[in-house]
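The values are calculated or read from the model by the stated rules, or taken from the named source; none is laboratory data. Remember, it's a predicted structure, so these values are computed and weren't measured experimentally. Note that each Cβ is placed from the backbone with ideal geometry, even for glycine, and that neighbours are counted across all protein chains shown. We work out accessible area using only protein heavy atoms, side chains counted, and drop any ligands, DNA or RNA first. Shrake-Rupley method; radii C 1.70, N 1.55, O 1.52, S 1.80 Å.
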Amino acid sequence: MMADTVDSPPLWRGLALWGAVLLAFVALMTWGPTLLPWAFEYPKKWVVPAARWISDFTKWLLNDASFGLFTFRDLTRFLSTLVDIPYQAVAGVLSGGIEAVNLPPLSWVGLIAFVGLIGHRLGGWSLALLAAGCFLFIAVFGQWTSAMVTLASIMIAVPIGVAGGLMLGLAAYRWRWLARALQPVLDLMQTIPVFAYLVPILILFGFGPTAAIVATVIYAMPPMTRITMLALGRVPGEIRDLGHMVGCSRRQMTWRVMVPSAKDGLMVGVNQVIMLSLNMVIIASMIGAGGLGFDVLASLRRLDFGAGLEAGFAIVALAIALDRLSQAAAQYTGVDAPSGYLKWALVLLALTFVAAFLSPALQTYPDAWAISTGDFWSRVVTWINVNYFDTLEAIKNTLLLNVLIPTKRFLVGLPWLGVAGLLGFVGWRLGGARLALLVACLTILIAVTGLWEKAMITVYLCGISVVFAMLIGLPIGVLAAEKERLWVGVKVAIDTLQTLPSFVYLMPAVMLFRVGDFTAMIAVVAYAIAPAIRYTALGLQGVDARLIEAGRAMGCTEWQILTRIKLKLALPEILLGLNQTIMFALSMLVITALVGTRDLGQEVYIALTKADAGRGLVAGFAVAFIAIIADRLIQAGAQRARARLGLEDGHHDTT
């Protein structure tokens, strides 16, 4: 009773505040259209022409900007050449051959053996078989040439991304002001949709693989920068003190003490750069990257689900091989030099290269040996369409008429001023004045750019998709957390889902439901469901076993243990899963512009087709603002939940 008496005033005050704010919002909705029409439809004369300013600036850069001895256009051409020369060399060695000296590419047999030897060196026979098996899978399914083009792009983009991210991270670690300045820039770079990157890159560097590599480097660099800052910050103070005591100079301290000590963390960053580069190289097929991404995109355009799925699985195989090899390299603790393995690997490559002149089958995987399941998958989709067309249409129309369209109308009709105020209040309740100011300002900025209606359509599609993804993902995560064998199978499935290129999700959805919001929602749910499952299962598995035993000792049923102990304690992780689901949904929404949505993703896509940098970047920033608002509010909510459950350990990462 005493506790109730003490806690009641803040609780009632909070409820009263919520009631007052909601009443004000309802009043605005009721009388606002008459009294404050500008709060519902942002006046056109108030719109800040940011898109035009950016487009004009881009034109000035290309046509008039000069550094005295050379122009900005000369600079971009010089950078293109710097990237293009090594790319053409690597692509020639792996895929098309080197025409200048009339040499064919490396043998597929030799490359598979090479990858197997590297795998054996880093992780033993199991990794050797896995890596070689992935590359063999690519060859057997006839995707070798395209996969090697993609691999060539990654081999050029990853070293540049790693070096750039490392240098930027080192600079930010050394100068705190730079770290503070970089933080919001990195946030924006990681939340702006990938299509938005492509627009200015396309204008500055033109159409082709070079532009795709530049976009890939920019996209993949932020995680390396963040991880470098984090890894250097975690180097034990004793090691730094030892470096100072033995008289290391600043340069020696960086390269001989700090960087080697942070090696494990930095290798995680390298792994992230590899995986993000692979993801971006696929998206960058829109601006001429070629390779597997182009095959998937071409399949989408002609609605050939089978061919697209095969190219998608080849991307999965390549991603698994690169991921496992880079992870093994990060954990590799061998101290003896790998020169023996490297020597044998190079000898093997040379022998197979020479042998390929005698046997063409060693040079290029014979088409007659290739296996294809493309027709099978296409027939499966056709069979579903023939036998279940009416049922699918009924499901689609029911959801469209009763859920999607009413939600869309409601959200589009919301006043931008009221939404900004309401979100500001939520931010203040969850994280204080700074969070309130941030979310309110970002909301107003979206309105100021004149994209409020499209932003609300984005929120509607993202929100509906996230709700369905959580409704499906939560029960699966709960079941998987309870059964170890099921979790193993589910983990393989969601790992595969997260590696498949986003274009692949669109194909079956379009073939079954044609174009429109419903199709976009299905594709987004399929793409964004993985984190909902993963974080729910991991959160439940991480609940302290002693608390569960205590619950059983008190006579709780399994249902009570699940609902009153496990789910409550796993709430912060589930909220993190919700956060990630929203991020995945937003990134996929931009891709779904290809099926005719009318949201911000469509703005970005139109800007890409018209090479309008301003339009694309402003729409991209608006998507990023939505992502940042959702991210900050959910993070603050998760932090409050942790504090309420007594899970806060008081440790905060200050890096």
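A few comments on the model shown:
- The listed residue being within 30 Å of H120 (Cα to Cα), touching a residue at least 60 places away in the same chain (Cβ under 8 Å), over 30 Å from the mean Cα position of the chain (by Cα) and open to solvent by 30 Å² or more (accessible area, probe 1.4 Å), out of L349, L362, L342: L362
- Test result for I315, modelled with pLDDT of 85 or more and open to solvent by 40 Å² or more (accessible area, probe 1.4 Å): no
- Of all residues in the range 453-489, those satisfying the criterion of being in contact with a Leu (Cβ under 9 Å, 6 or more places away or on another chain) and closer than 23 Å to A39 by Cβ are K454, A455, M456, I457, T458, V459, Y460, G463.
- The single condition from (1) touching a Phe, Trp or Tyr at 6+ places or on another chain (Cβ under 7 Å); (2) modelled with pLDDT of 90 or more that G477 fails is (1).
- Per this entry, V623 is not counted among residues that are touching a residue at least 60 places away in the same chain (Cβ under 8 Å) and either out of contact with any Leu (no Cβ under 8 Å at 6 or more places or on another chain) or not in a helix (DSSP H, G or I) (or both).
- Leading residue by the ranking (farthest from G110 (Cα to Cα)) among those in the range 365-393 that are among the small types (G, A, S) and surrounded by 11 or more Cβ atoms within 10 Å (Cβ to Cβ): S378
- Count of residues meeting criterion [among the aromatic types (F, W, Y) and buried (at least 22 other Cβ atoms within 10 Å of the Cβ)] in the range 109-134: 1
- Within the range 224-231, one or more residues are part of a helix (DSSP H, G or I), surrounded by fewer than 24 Cβ atoms within 10 Å (Cβ to Cβ) and of a type in the set (D, E, K, R).
- Filtered by the rule that a residue be more than 17 Å from the chain's Cα centre (by Cα) and without any contact (Cβ under 8 Å) to a residue 40 or more places away in the chain, the range 175-212 gives W175, R176, W177, L178, R180, A181, Q183, P184.
- Flag for V618 being farther than 26 Å from L500 by Cα and either free of Cβ contacts under 8 Å to residues at least 60 places away in the same chain or assigned to a loop (DSSP other than H, G, I, E, B) (or both): no
- Residue among W53, W12 that alone is aromatic (F, W, Y), surrounded by 10 or more Cβ atoms within 10 Å (Cβ to Cβ), assigned to a helix (DSSP H, G or I) and modelled with pLDDT under 85: W12
- So T81, is it of a type in the set (S, T, Y) and either modelled with pLDDT of 90 or more or open to solvent by less than 30 Å² (accessible area, probe 1.4 Å) (or both): no
- M253 over 19 Å from the mean Cα position of the chain (by Cα) and either closer than 30 Å to F207 by Cβ or touching a residue at least 12 places away in the same chain (Cβ under 8 Å) (or both): yes
- Qualifying position, being open to solvent by 20 Å² or more (accessible area, probe 1.4 Å) and farther than 25 Å from E310 by Cα, among F141, F70: F70
- Count - residues of the range 300-322 that are not in a helix (DSSP H, G or I) and not aliphatic (A, V, I, L, M): 2
- Residue match in the range 142-151 (condition: among the β-branched types (V, I, T), part of a helix (DSSP H, G or I) and farther than 20 Å from A220 by Cβ): yes
Quick grid of which residues meet (1) open to solvent by 20 Å² or more (accessible area, probe 1.4 Å); (2) of a type in the set (A, V, I, L, M):
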residue	(1), (2)
L136	yes, yes
T150	no, no
G164	yes, no
L178	yes, yes
L188	yes, yes
A212	no, yes
A215	no, yes
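- Applying the criterion of being crowded, with 16+ Cβ neighbours inside 10 Å and more than 20 Å from R644 (Cβ to Cβ) to the residues of the range 541-568, the residue that is farthest from the chain's Cα centre (by Cα) is C556.
- Reported count of residues in the range 404-414, each being open to solvent by less than 50 Å² (accessible area, probe 1.4 Å) and either touching a Cys at 6+ places or on another chain (Cβ under 6 Å) or farther than 12 Å from E453 by Cβ (or both), is 2.
- Candidate set from the range 232-256 (those that are more than 28 Å from L325 (Cβ to Cβ) and of a type in the set (A, V, I, L, M, F, W, C)); member that is surrounded by the fewest Cβ atoms within 10 Å (Cβ to Cβ): M245
- Across the range 498-535, the qualifying residues are those that are open to solvent by 50 Å² or more (accessible area, probe 1.4 Å) and on the phi < 0 side of the Ramachandran plot, and the one among them that is modelled with the highest pLDDT is I522.
- Test set (1) open to solvent by 30 Å² or more (accessible area, probe 1.4 Å); (2) assigned to a helix (DSSP H, G or I) - L106 fails condition number: (2)
- The single residue among V26, V48 that is closer than 30 Å to T76 by Cβ and either surrounded by 12 or more Cβ atoms within 10 Å (Cβ to Cβ) or free of Cβ contacts under 8 Å to residues at least 12 places away in the same chain (or both) turns out to be V48.
- The single condition from (1) under 25 Å from G164 (Cβ atoms); (2) part of a helix (DSSP H, G or I); (3) modelled with pLDDT under 85; (4) open to solvent by less than 20 Å² (accessible area, probe 1.4 Å) that M267 fails is (4).
- Qualifying positions in the range 450-462 - open to solvent by less than 40 Å² (accessible area, probe 1.4 Å) and out of contact with any Lys or Arg (no Cβ under 7 Å at 6 or more places or on another chain): L451, W452, A455, M456, T458, L461, C462
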